[in-house]
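For reference, the structure is listed below as structure tokens.
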Amino acid sequence: MHTPIVIYEDNHLIAVNKPAGWLVQADETGDATLADWVKMYIKQRYGKPGDVFLGTIHRLDRPVSGVVIFARTSKALSRMNELMRNRAIEKVYWAIAGQRPNPLSGTLRHYILKDRSRNIVKAYDQPSNRNKGAKEAILDYNFLAGLGQQFLIEVRPKTGRPHQIRVQLSKLGCPIKGDLKYGSNDRLKNGSIFLHCRSMSFIHPVKKEKIEIVAKPWKNEVWLLFEDLWNE
């Protein structure tokens, strides 16, 4: 498994490129977490005695890679949480599917209901009595490139529902490679899937200037097919 890479830090925020397979926060497995790794990084880099404050602003599913931002102060955490609630943080994901989307670009709107016992969600076209409690999920997508049976899709979620991108692309007929839970037939060795949080853009909660935090995909034989697009 890869080691996380710090891609942005100041006195208020710290962002890392999360490798697939890492937990952001602790769960019942007891496995090492990204939050613990970042705390240790701060402690060692800055010689912090005692406990290190670190606020979790958002999460990525364990098999997903890419940008994860933490708050280093309670003020930054509160203000970033407000940006999240107000949908004032623009997120861009890259996904690799085994099917070309049809149409090549568009907006997907579904109603998502989570089955907590199985940790899986279902996406419905319309709300109804059989999916009471379902929450609206919206994303924009755009086909970027295709090589062989690998199709790169850019996704800009407008809402932040559990497994939203995974289930909505599956409903489109483009399950993400490696995502056995949502229809892929491609089992990857480490249980990862080809979904990567490429960037997050927002107004800095303290400096009040726009920043964009970008994470390159982790190199492997599939992501490298699209390496020419990484720096665009």
Among (1) touching a Gly at 6+ places or on another chain (Cβ under 7 Å); (2) modelled with pLDDT of 95 or more; (3) not basic (Lys, Arg) - the single one GLN149 does not satisfy | (2)
Can LEU225 be described as free of Cβ contacts under 8 Å to residues at least 40 places away in the same chain and over 25 Å from ILE57 (Cβ atoms)?
-> no
Taking interchain pairs and intrachain pairs at least six residues apart, which have beta carbon atoms under 9 angstrom, with the first residue in segment 75-91 and surrounded by 14 or more Cβ atoms within 10 Å (Cβ to Cβ) and the second modelled with pLDDT of 95 or more and assigned to a helix (DSSP H, G or I)?
-> ILE89/MET80; ILE89/LEU83
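Assess whether ARG198 counts as being under 22 Å from MET1 (Cβ atoms) and part of a strand (DSSP E or B). Spell out the reasoning first.
On the way: under 22 Å from MET1 (Cβ atoms): yes; part of a strand (DSSP E or B): yes.
Yes: the conditions hold for ARG198.
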Residue pairs qualifying under the 8 Å Cβ cut-off, at least six apart or on distinct chains, with the first in segment 42-61 being among the small types (Gly, Ala, Ser) and the second being at pLDDT 95 or above, are GLY55/PHE70; GLY55/ALA71; GLY55/ARG72; GLY55/THR73; GLY55/SER74; GLY55/ALA76; GLY55/LEU77; GLY55/MET80
Considering (1) surrounded by 15 or more Cβ atoms within 10 Å (Cβ to Cβ); (2) out of contact with any helix residue (DSSP H, G or I) (no Cβ under 7 Å at 6 or more places or on another chain); (3) at negative phi, say which one GLY21 fails and leave the rest.
-> (3)
Breaking point among (1) at pLDDT 95 or above; (2) touching a helix residue (DSSP H, G or I) at 6+ places or on another chain (Cβ under 7 Å), for ILE120 | (1)
Take segment 156-175 and flag every residue that is surrounded by fewer than 20 Cβ atoms within 10 Å (Cβ to Cβ) and either among the acidic types (Asp, Glu) or touching a helix residue (DSSP H, G or I) at 6+ places or on another chain (Cβ under 6 Å) (or both).
-> SER170
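Specify which of the listed residues (GLY191, GLY178) is crowded, with 18+ Cβ neighbours inside 10 Å, touching a residue at least 60 places away in the same chain (Cβ under 8 Å) and over 16 Å from HIS58 (Cβ atoms). Full working, then the answer.
Values: GLY191 fails: crowded, with 18+ Cβ neighbours inside 10 Å.
Result of the check over GLY191, GLY178: GLY178.
Yes/no per residue for (1) under 19 Å from the mean Cα position of the chain (by Cα); (2) closer than 27 Å to GLY173 by Cα; (3) exposed (fewer than 11 other Cβ atoms within 10 Å of the Cβ):
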residue	(1), (2), (3)
GLY30	no, no, yes
PRO49	no, no, yes
PHE70	yes, no, no
TYR93	yes, yes, no
ARG100	no, yes, no
ASN119	yes, yes, no
Could you list, in sequence order, the residues of segment 201-230 that are over 18 Å from the mean Cα position of the chain (by Cα), of a type in the set (A, V, I, L, M) and assigned to a loop (DSSP other than H, G, I, E, B)?
-> VAL206, VAL222
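What about ILE153, is it in contact (Cβ under 8 Å) with a residue 24 or more places away in the chain, crowded, with 17+ Cβ neighbours inside 10 Å, in contact with a Pro (Cβ under 7 Å, 6 or more places away or on another chain) and part of a loop (DSSP other than H, G, I, E, B)? Give the steps one after another, and end with the answer.
Details: in contact (Cβ under 8 Å) with a residue 24 or more places away in the chain: yes; crowded, with 17+ Cβ neighbours inside 10 Å: yes; in contact with a Pro (Cβ under 7 Å, 6 or more places away or on another chain): yes; part of a loop (DSSP other than H, G, I, E, B): no.
Judged against the criteria, ILE153 is not a match.
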Within segment 92-104, is even one residue β-branched (Val, Ile, Thr) and more than 16 Å from HIS12 (Cα to Cα)?
-> yes
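Out of all the residues in segment 130-147, which are in contact (Cβ under 8 Å) with a residue 40 or more places away in the chain and loosely packed, with under 15 Cβ neighbours inside 10 Å?
As a first pass, look at segment 130-147 and keep what is in contact (Cβ under 8 Å) with a residue 40 or more places away in the chain: 141, 143-147.
Of everything in segment 130-147, those that are in contact (Cβ under 8 Å) with a residue 40 or more places away in the chain and loosely packed, with under 15 Cβ neighbours inside 10 Å turn out to be ALA145, LEU147.
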Of the residues that sit in segment 195-208 and are among the charged types (D, E, K, R) and under 17 Å from SER78 (Cα atoms), which one is surrounded by the fewest Cβ atoms within 10 Å (Cβ to Cβ)?
-> LYS208
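The values are calculated or read from the model by the stated rules, or taken from the named source; none is laboratory data. Quantities reported herein were computed from a predicted structural model and do not represent experimental measurements. With ideal geometry, Cβ positions are generated from the backbone for all residues, glycine too; neighbour counts draw on all protein chains shown.
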